[in-house]
Amino acid sequence: MQNDTPSSLLHPLIVRITHWTWSLGVLLLIGSGLRIYESDPVFEAVAFPVWITLGGSYEDTNRLHNDFGLAAALLWHFAAMWLLFASLIVFAAWGFWSGHFRRKYVPVTVAEVVGNATDFFKGKLAHDLGTRNAIQKLLYAFALLMMILMLLSGLVLWKPVQFHELSLLMGQYEGARYVHFFGMVGIVLFLVVHIALTLLVPKVLLPMITGRAPPSVTTHKMPGAAP
Amino acid sequence: MTTDNIERRLREGDLAKGDVVNLQRRLFLRHGLSFGALTMLTGCDVVTNTGPVDAFLRAIGRFNDGVQAALFNPRKLAPTYPESLVPAEFRFNAQYGIERIPKINANTWRLQPSGLVSDKRAWTLEQLQALPQREDVTRHVCVEGWSMIGKWGGVPLRTFLEKAGADLMARYVSFHCDDPISYSTSIDMASALHPQTILCLTYAGKPITPPFGAPMRVKIPTKLGFKQPKFVTEIRVTNAYPAGYWENYGYNWFAGL
C-alpha cells in the first residue's frame, strides 16, 4: 500500500472489509429482527410481510421449531450480532488510531451543510471520490451512531439484568424495545438514501470493492447537474 | 486456579463461594466445546432443512451459551420494583390452551429430588412452606418479547438443594413437569444457586393458581420465561446435558437475562 498515492487508493482494505461485513450483519439482523418483532409487535398497527423477514418458511419452522420462525430468527439474530459487533470494534479502533475519523469527519460547519444542501436540491452537489461533503459526513456519522445505538439497546434486550445500569439510560427493558425499533427504522432510512445515491452515482461502488478509483474518475457531478 | 486445586480445597473444606461458580463456569465452557456430536443428531435446518446452516447457527448458539455464562454475575440481583406496580392477575402463557392446564391436588403432590442428591426423599407442599421463604418484585421477560412485572415468593432453590444434599459442583439442574406436554427445562448450577432463584409458591402474596403452575413453579428472574417451568414434580441434579422442551426446538439453552 506504500506506493499508492492518496487519490488512487480511496478505501483502505480495513474499511472495505468492515463495510461489507457489517452490511451482511445488518441485513441478517434486520431480517431476523423483523421476524422476532412479529412474535410480539411493539406497535400493534405496524406489521411486516413474511417475505422480508428471516427465519424460514412458516410451515417448515412450525414443523421443525414448533413456532413460526422465532427460534430460527433468534439463532440468526444472535449469530449475526457478532458480525456487527466485530466490524464496529475493528472499525472504531482503526478509525481513532489511524486518524480516519479526524480526517474524514471533522469539521462539519453549519454553513457547509446549508451550502451542500442547497447544491443538492439544485442538482449541483459535487461527489468527489475520496473526500466527503458535509451531507455525506452527517449521513455516515448517523449510520455509525445508529449501529452503536442498536448494539447498546440490543445488549439491554439480551441482558436486561447484567446490563441494568445501561438499561437505565433508555427506560429499562421496555424502553429499549422502542430504542431498538426506531434504531432499525433509522438504519433502514439511511440504507434507502445510501443505496439510492449509489444507484445515481454507480462509479462509487467499484472502489468499495477494489479500493481504487479508475484514473479518469476523481470528480463528477450528480446526474442532471447543470452543465 | 486449576480445577484440581478447587477439588482439593473442596475436600479440605476451604472453598469460597466464588470458587464454586468459577469451577462451574469452567466445566461449562469445557463441556460446551464437546457438544459437536449433538448437532449431528439433531440436524434439522432453520431454512432449507439441509442441515449445515442449522448446525452452524446452533454451534454459534452454544458459543453464546458460554459467553452468557461468562457475563452472568452470580452476585448481581435482578432489579426489583415497587409493590404498586404488581398487577393482581398475571398474563397466562403456555404451549397449550388454558382449558388443558392440569389441576394438581396439592395434598397428594410431591416434589422428587433426583440425580446427584444424597437425600432422595420426596417433599410435600407443607414441608416446602415450612422452609425460609423469599419474595421479590421482578420483571418477567418472555422470549417472544413481552415483559411484565410481578411479585413471586417461595423457597430459594439453593436452600432446597442444600437440604436435599445436592452436589453443588454438578453442572446442571433440570426440572420435570406434570403437564400435558411433559415439559422440561434445565439451567446451569450458578443460576440455580442465585439468591433470587426460587421454588415459587405464591404470587402477589397468595398461593399460585393452576394457570400459573400450582402448586409449585420455578421462578428465575435472571432467565427468560421458558426457563421457569410450572407444575414441577421432579428436580434433577446432573452432569449430563439435560436440554429441555423448547431447547430441543432450537431455542437458546442458557437464555440468561
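Those residues that are within 14 Å of chain B (Cβ to nearest Cβ) and closer than 29 Å to B:Thr80 by Cα, I need them from region A:180-190; list them, please.
So in region A:180-190, the residues within 14 Å of chain B (Cβ to nearest Cβ) come out as A:180-181, A:184.
Within region A:180-190, A:His180, A:Phe181 qualify.
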Task: Filter result for the condition that a residue is closer than 16 Å to B:Ile220 by Cα, modelled with pLDDT of 95 or more, surrounded by 14 or more Cβ atoms within 10 Å (Cβ to Cβ) and more than 14 Å from every other protein chain (Cβ to nearest Cβ), over B:Arg139, B:Arg134 - done: B:Arg134
Task: Matching helices (runs of 4 or more DSSP H) fully within region A:147-219 where at least 2 residues are in contact (Cβ under 8 Å) with a residue 24 or more places away in the chain - done: A:172-200, A:205-210
Task: Entirely in region A:57-135, the helices (runs of 4 or more DSSP H) that have 1 or more residues that are surrounded by 16 or more Cβ atoms within 10 Å (Cβ to Cβ) and of a type in the set (Val, Ile, Thr) - done: A:58-65
Task: Residue check for A:Val113: at pLDDT 80 or above, away from chain B (no Cβ under 14 Å) and in contact with a helix residue (DSSP H, G or I) (Cβ under 6 Å, 6 or more places away or on another chain) - done: yes
Open item on the list: List the residue pairs whose Cβ atoms are under 6 Å apart, where the first residue sits in region B:159-186 and is assigned to a loop (DSSP other than H, G, I, E, B), the second is among the small types (Gly, Ala, Ser), and the two are 6 or more positions apart or on different chains.
Closed with: B:Gly165/B:Ser118
- [ ] Identify, by number, the condition in (1) buried (at least 20 other Cβ atoms within 10 Å of the Cβ); (2) within 14 Å of another protein chain (Cβ to nearest Cβ); (3) among the basic types (Lys, Arg) that B:Arg171 doesn't meet.
- [x] (2)
TODO: Among the residues of region B:166-176, write down those that are farther than 17 Å from B:Pro195 by Cα and touching a Lys or Arg at 6+ places or on another chain (Cβ under 9 Å).
DONE: B:Ser174, B:Phe175, B:His176
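Go through B:Arg121, B:Arg62, B:Arg91, B:Arg75 for me and flag whichever is open to solvent by 80 Å² or more (accessible area, probe 1.4 Å) and either touching a Phe, Trp or Tyr at 6+ places or on another chain (Cβ under 8 Å) or part of a strand (DSSP E or B) (or both).
Values: B:Arg121 fails: either touching a Phe, Trp or Tyr at 6+ places or on another chain (Cβ under 8 Å) or part of a strand (DSSP E or B) (or both); B:Arg62 fails: open to solvent by 80 Å² or more (accessible area, probe 1.4 Å); B:Arg75 fails: either touching a Phe, Trp or Tyr at 6+ places or on another chain (Cβ under 8 Å) or part of a strand (DSSP E or B) (or both).
Of B:Arg121, B:Arg62, B:Arg91, B:Arg75, the one residue that is open to solvent by 80 Å² or more (accessible area, probe 1.4 Å) and either touching a Phe, Trp or Tyr at 6+ places or on another chain (Cβ under 8 Å) or part of a strand (DSSP E or B) (or both) is B:Arg91.
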- [ ] For region B:199-257, name all the residues that are within 14 Å of another protein chain (Cβ to nearest Cβ), touching a Leu at 6+ places or on another chain (Cβ under 9 Å) and part of a loop (DSSP other than H, G, I, E, B).
- [x] B:Ile220, B:Pro221, B:Thr222, B:Leu224, B:Ala243, B:Gly250, B:Tyr251, B:Asn252, B:Ala255, B:Leu257
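Being open to solvent by 30 Å² or more (accessible area, probe 1.4 Å) and more than 19 Å from B:Lys219 (Cα to Cα): is that true of B:Leu57 here? Before you say what the answer is, go through the steps one by one.
Details: open to solvent by 30 Å² or more (accessible area, probe 1.4 Å): no; more than 19 Å from B:Lys219 (Cα to Cα): yes.
Criteria not met by B:Leu57.
Can you pull out every residue in region A:50-84 that is touching a residue at least 60 places away in the same chain (Cβ under 8 Å) and more than 11 Å from every other protein chain (Cβ to nearest Cβ)?
Result: A:Leu84, single match.
Would you point out the residue of region A:33-51, among those that are part of a helix (DSSP H, G or I) and at pLDDT below 90, that is surrounded by the fewest Cβ atoms within 10 Å (Cβ to Cβ)?
Keep residues of region A:33-51 that are part of a helix (DSSP H, G or I), which gives A:33-39, A:50-51.
Now drop any that are not at pLDDT below 90, which leaves A:50-51.
Details: A:Val50: 15, A:Trp51: 5.
Per the criteria, the residue is A:Trp51.
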Task: Odd one out for A:Pro12, checked against (1) in contact with a His (Cβ under 9 Å, 6 or more places away or on another chain); (2) open to solvent by less than 30 Å² (accessible area, probe 1.4 Å); (3) at pLDDT below 90 - done: (2)
TODO: Please determine, by comparing only the residues of region B:45-73 that are away from chain A (no Cβ under 11 Å) and at pLDDT 95 or above, which one is farthest from the chain's Cα centre (by Cα).
DONE: B:Gly66
Task: Pick from region B:71-92, criterion of a type outside the set (Phe, Trp, Tyr) and touching a helix residue (DSSP H, G or I) at 6+ places or on another chain (Cβ under 7 Å), ranking: nearest to A:Glu165 (Cα to Cα) - done: B:Pro79
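The values are calculated or read from the model by the stated rules, or taken from the named source; none is laboratory data. Computed from a predicted model, the values in this text were never measured in an experiment. With ideal geometry, Cβ positions are generated from the backbone for all residues, glycine too; neighbour counts draw on all protein chains shown. Accessible surface areas use protein heavy atoms only, side chains included; no ligands, DNA or RNA. Shrake-Rupley method; radii C 1.70, N 1.55, O 1.52, S 1.80 Å.
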